[in-house]
Amino acid sequence: MNRFIYILSVILLFLCPGLQAETMVYLVHSETLSFDEELYPEAQLLKGDVIFRHDSALMYCDSALFYEKNNSLDAFGNVRLVQGDTLEGFSDVLFYDGNTKFARMRKNVKLIHTGTTLTTDSLNYDRLNDLAWYFSGGKIVDSLNTLTSVWGQYTPSTRQTVFKTDVLLVNDRFVLTADTLKYNTASNIADLVGPTKIIYEEETTILSTLGWYNTRTEESMLLNRSEVIHEDGRSLTGDTIFYDKHFGKGDVVGHMCLIDSVQQGTLYGNLGKFFETDKYGFATDSALYVDWSEEDRTYVHADTLYSEEIPYQLTLLQPLDSIMVDSVLTWQPPDTLLQDTSYRQIRAFYHVRIYRSDMQAICDSLVTNNRDSVMIMNGKPVIWSDNQQISAELVNVYLKNGTVDYVHGIGSAIASQQDAETWFNQLSGKELLAYIREGEMRQIDVNGNAETVFYPHEDDGKGPVVGVNKTQSSYVKMYLQNQKVDHIVFTSATTGAMYPLDKISESQTRLGSFFWAEDERPKNKDDVFRHPQSTQRPEQVALSAKDTTAEENTDSEKEDSSDSKRNSRGRKRAGR
């Protein structure tokens, strides 16, 4: 029976924390023991090398008031609380309740636990729930970081801390400030649970309200539209940012916005990466690049966009002072200086759509940079400006002073202009140059196998159409005014004819490379995200610009042969 009661008592001791808390506090040692019922009723006055034991804890002090009946004590002078072999606390005063295992440590408090040191003026330690906290300012120091706040909490068993109000975390490489912060002294991971600012060696600033930051590996996950700002003018914003400061790279998920205020461009996307050292980033899923370096912004959308900063050396000439020799000015050549600089390059792949107020375009791949101010387009490129459509195998767009200067089409190039619902002025050849002034196309030059279909109007273009003119030549210049064809200049060796509209079919007025893709044209900056059905392109053997010279020679021979035949026929007619 006694054995059964003993076993039951042990079970209740472990299952009921309240019973376990009510273990007795024992006096282990004291040099003197006395009583003063008037000043300290029911208290034992202890002095000199006082030691108490309460289950696994030992308490040391110079003097104490021991309330044995209440199972509590007040300790004074050189107070030390030792729990196991991992936790040690120091203070000037200790108030301890053995029934609740609650310790109140006051004045010059220090708590040391497995490499973590907590210092404050007032600390409460709940041994039953293994929880210590301060409320009038404190500091926690571990192997990597120093954390201070007005209010703080520490759990020895998990080494988890919570800080509130004026939180400051100081690391050798960064400083973190917050209103609320959770931090684990074992993993050195800080959980961001409120507005937080991290300044990293005065070169990078992180702003976040939710996430975590590993202060040991410098990896982090930043949520809730966090922002990473660099002192060189670049900044990154995203719904979720996986950021590795040590390697200078990161992944972004959700509404990425990568801004380069120096190069004046912004990269957007729902998925992306960025690399600090190489100053390189890419975006996909609704990817968009906006160049705002000029008043007329350029919007580029594609399946995938790459933005990279490419360093190069700019050559500068430093003139020397003039030197007078015998009253004659002697000139010396200037010194050559090399200045390190960089330019921003954008690469776009698949379903590329571009919008500018003076030009719109589509293609499958694009490379452009702000050093040469050129856009290189491949993969069925089409350019629109005003009411003109231009396409070729390869199209280069050259900008000058922030506006489109001219367009260079290479291989199966064609420029088309809608004159009426079914009538299209067309100009095609191996190579095409279209010049744009003040936002309007003014001149188109075609070189090599040039063909035209042109609908002339009466009264200098103001009257009705008089027919359709079809020509073949080696070189053609077309001049436009007010978005209409003004006049065309051909080479001397040109063949062609004017046809009445009722004597020629619609198919005969279409050049071999003609197609009209107005439905694919981006109408505004938001329209670049539209993916219209692709217009059927003509199936034909492409004309390559590199063959221009050879075919021009052939054309010249044909023209010479034709001239000889015409001269021969003329001589025959003259003979008759």
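Checked across the stretch 370-378, the condition of being crowded, with 19+ Cβ neighbours inside 10 Å and of a type in the set (A, V, I, L, M, F, W, C) holds for at least one residue. Within the stretch 86-101, not a single residue is surrounded by 16 or more Cβ atoms within 10 Å (Cβ to Cβ), under 15 Å from N124 (Cβ atoms) and touching a Gly at 6+ places or on another chain (Cβ under 8 Å).
Among the residues of the stretch 240-284, count how many are outside any strand (DSSP E or B) and either of a type in the set (A, V, I, L, M, F, W, C) or under 25 Å from V352 (Cα atoms) (or both).
Step one: list which residues in the stretch 240-284 are outside any strand (DSSP E or B), which gives 245-248, 261-264, 276-279.
Filter once more, keeping what is either of a type in the set (A, V, I, L, M, F, W, C) or under 25 Å from V352 (Cα atoms) (or both): 247, 261-264, 278-279.
Qualifying residue count, the stretch 240-284: 7.
Just one of the listed residues (F95, F102) is touching a residue at least 24 places away in the same chain (Cβ under 8 Å) and over 24 Å from L147 (Cβ atoms), namely F102.
Looking at the stretch 465-500 only, could you name the residues that are surrounded by 13 or more Cβ atoms within 10 Å (Cβ to Cβ) and not in a strand (DSSP E or B)? Once the filter is applied, which keeps residues that are surrounded by 13 or more Cβ atoms within 10 Å (Cβ to Cβ) and not in a strand (DSSP E or B), the stretch 465-500 yields V466, G467, T491, A493, T494. Among the residues of the stretch 416-439, those that are at pLDDT 90 or above and open to solvent by 40 Å² or more (accessible area, probe 1.4 Å) comprise E431, L433, Y435. Among the residues of the stretch 428-464, those identified as in contact with a Lys or Arg (Cβ under 6 Å, 6 or more places away or on another chain) and outside any helix (DSSP H, G or I) are Y435, D445, G448, N449, V453.
Hey, any hits in the stretch 109-130 for a residue that's basic (K, R), part of a strand (DSSP E or B) and either within 24 Å of A57 (Cα to Cα) or out of contact with any Ser or Thr (no Cβ under 9 Å at 6 or more places or on another chain) (or both)? Yes, some residue in the stretch 109-130 is basic (K, R), part of a strand (DSSP E or B) and either within 24 Å of A57 (Cα to Cα) or out of contact with any Ser or Thr (no Cβ under 9 Å at 6 or more places or on another chain) (or both).
Filter the stretch 136-154 down to residues that are hydrophobic (A, V, I, L, M, F, W, C) and in a strand (DSSP E or B) and give me whichever is nearest to D92 (Cα to Cα). Before you say what the answer is, go through the steps one by one.
Pass one, the stretch 136-154, residues hydrophobic (A, V, I, L, M, F, W, C): 140-141, 144, 147, 150-151.
Filter once more, so that each one left must be in a strand (DSSP E or B): 140-141, 147, 151.
Values: I140: 19, V141: 21, L147: 23, W151: 21 Å.
Checked the stretch 136-154; the qualifying residue nearest to D92 (Cα to Cα) is I140.
When you scan the stretch 385-415, how many residues do you find that are hydroxyl-bearing (S, T, Y), surrounded by fewer than 24 Cβ atoms within 10 Å (Cβ to Cβ) and in contact (Cβ under 8 Å) with a residue 40 or more places away in the chain? Give the derivation first.
Filtering the stretch 385-415 for residues hydroxyl-bearing (S, T, Y) gives 385, 391, 398, 403, 406, 412.
Now drop any that are not surrounded by fewer than 24 Cβ atoms within 10 Å (Cβ to Cβ), which leaves 385, 398, 403, 406.
Those still in the list that are in contact (Cβ under 8 Å) with a residue 40 or more places away in the chain too: 385, 403.
Qualifying residue count, the stretch 385-415: 2.
Taking the criterion of being under 21 Å from V300 (Cβ atoms), of a type in the set (G, A, S) and not in a strand (DSSP E or B), the residues of the stretch 391-427 that qualify are A392, G402.
Regarding Y213, is this residue hydroxyl-bearing (S, T, Y), under 12 Å from the mean Cα position of the chain (by Cα) and not in a loop (DSSP other than H, G, I, E, B)? The answer is no for Y213. Of the strands (runs of 3 or more DSSP E) lying entirely inside the stretch 22-69, those containing at least 3 residues that are crowded, with 18+ Cβ neighbours inside 10 Å span 40-54, 57-67.
Filter the stretch 144-168 down to the residues that are touching a residue at least 40 places away in the same chain (Cβ under 8 Å) and more than 33 Å from the chain's Cα centre (by Cα), then identify the one that is farthest from K197 (Cα to Cα). Spell out how you get there, then give the answer.
Let us first name the residues in the stretch 144-168 that are touching a residue at least 40 places away in the same chain (Cβ under 8 Å), namely 144-145, 154, 156, 159.
Narrowing the set further to residues that are more than 33 Å from the chain's Cα centre (by Cα) leaves 154, 156, 159.
Working: Y154: 22, P156: 27, R159: 23 Å.
Restricting to residues being touching a residue at least 40 places away in the same chain (Cβ under 8 Å) and more than 33 Å from the chain's Cα centre (by Cα), the top hit is P156.
What residue, among those in the stretch 102-135 that are farther than 15 Å from F90 by Cβ and among the acidic types (D, E), is farthest from the chain's Cα centre (by Cα)? For the stretch 102-135, the residue satisfying everything is D126.
The values are calculated or read from the model by the stated rules, or taken from the named source; none is laboratory data. The structure displayed is predicted, hence computed values, not measured ones. Reconstructed Cβ throughout: ideal geometry from the backbone, glycine too, with neighbour counts over all protein chains shown. Ligands, DNA and RNA are excluded from the accessible area calculation, which covers all protein heavy atoms including side chains. Shrake-Rupley method; radii C 1.70, N 1.55, O 1.52, S 1.80 Å.
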